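Structure record follows, encoded as structure tokens.
None of the figures in this text is laboratory data; all of them are computed from the coordinates on show. Quick caveat: nothing in here was measured; it's all calculated off a predicted structure. Here the Cβ positions follow ideal geometry from the backbone for every residue, glycine too, while neighbour counts run over all protein chains shown.
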Amino acid sequence: MGVDSRVTVTEEITTLLHRNFGIEPEAVRIEASLHDLGMDSLALEELRVLLEERLDIDLEDVQLTSRETVGQLATAVDEKTAR
């Protein structure tokens, strides 16, 4: 899906983080860790489910921890949507 899809995936992640977790869009940067955004393990699991439902993908095999950055998450999601 290339660079354009990654921007779209990042926008989708930003929207979900803002709507569901109250994180301001300006805080959601590619290099920001999910921990820095205040995401704990429960929030990460909720985010995983939201992304799966919204994008109709399966992220079960994606290791998602608060150490990952928004960019790493976007790349993992992008790889799943490319299939």
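The dipole here belongs to region 32-83: it is taken about the Cα centre, uses +1 on the Cβ of Lys and Arg and -1 on the Cβ of Asp and Glu, and is about 160 debye. Dividing the convex hull volume of the alpha carbon atoms of the chain by its residue count gives 79 Å³ per residue.
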